[in-house]
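Visitor: Take this structure, written in structure tokens, and hold onto it; I'll ask about it next.
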Amino acid sequence: MKVQVRYFASLREALGPGEALEAGDALTVGELRERLAQRGGCHAEVLAAGRLVRCALDQRMVDDREPLADGAEVAFFPPVTGG
């Protein structure tokens, strides 16, 4: 299964704009995040399980349990703050 991963805000600064990945079978958004963090380095730092990171699947906010489909776009970004 292929997915397009995009990073925004501080995650984009650390990891770049995104990448196309071969994600394997029957993954969830959370499992994809875990696999990316297992790369080590900056990926491990910004996508670590203890860090608050929001995710969207095909431009819809989702939680880590959302299943992926072939051709999906997954976006990771920090929570938005401000006033």
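The values are calculated or read from the model by the stated rules, or taken from the named source; none is laboratory data. Just so it is clear, the structure is predicted and the values come from calculations on it, not from any experiment. Virtual Cβ from ideal backbone geometry, glycine too; neighbours counted across all protein chains shown.
Visitor: So, in the range 35-50, of the ones that are touching a helix residue (DSSP H, G or I) at 6+ places or on another chain (Cβ under 8 Å) and not aliphatic (A, V, I, L, M), which residue ends up surrounded by the fewest Cβ atoms within 10 Å (Cβ to Cβ)? Break it down into steps so the answer makes sense when it comes.
Guide: Applying the first criterion (touching a helix residue (DSSP H, G or I) at 6+ places or on another chain (Cβ under 8 Å)) to the range 35-50 yields 36-38, 42-49.
Filter once more, keeping what is not aliphatic (A, V, I, L, M): 38, 42-43, 45.
On the way: Gln38: 10, Cys42: 13, His43: 18, Glu45: 12.
Only one residue tops the list, namely Gln38.
Visitor: Do you know which residues across the range 1-31 are in a strand (DSSP E or B) and not hydrophobic (A, V, I, L, M, F, W, C)?
Guide: Listed by number, the residues that qualify are Lys2, Gln4, Arg6, Tyr7, Gly18, Glu19, Glu22, Thr28.
Visitor: Here is a follow-up. I want to confirm something. Restricting to the range 22-34 and keeping residues that are surrounded by 16 or more Cβ atoms within 10 Å (Cβ to Cβ) and more than 10 Å from the chain's Cα centre (by Cα), which single residue is modelled with the highest pLDDT?
Guide: Thr28
Visitor: Considering only residues that are on the phi < 0 side of the Ramachandran plot, part of a loop (DSSP other than H, G, I, E, B) and surrounded by fewer than 14 Cβ atoms within 10 Å (Cβ to Cβ), which ones fall in the range 57-73?
Guide: We begin by selecting, within the range 57-73, every residue on the phi < 0 side of the Ramachandran plot; these are 57, 60-70, 72-73.
Pick out the ones that are also part of a loop (DSSP other than H, G, I, E, B) and you get 63-66, 68-70, 72.
Of everything in the range 57-73, those that are on the phi < 0 side of the Ramachandran plot, part of a loop (DSSP other than H, G, I, E, B) and surrounded by fewer than 14 Cβ atoms within 10 Å (Cβ to Cβ) turn out to be Asp63, Arg65, Ala69, Asp70.
Visitor: Of (1) touching a strand residue (DSSP E or B) at 6+ places or on another chain (Cβ under 8 Å); (2) in contact (Cβ under 8 Å) with a residue 12 or more places away in the chain, Met61 satisfies all except one. Which?
Guide: Tallying (1) touching a strand residue (DSSP E or B) at 6+ places or on another chain (Cβ under 8 Å); (2) in contact (Cβ under 8 Å) with a residue 12 or more places away in the chain, Met61 fails exactly one: (2).
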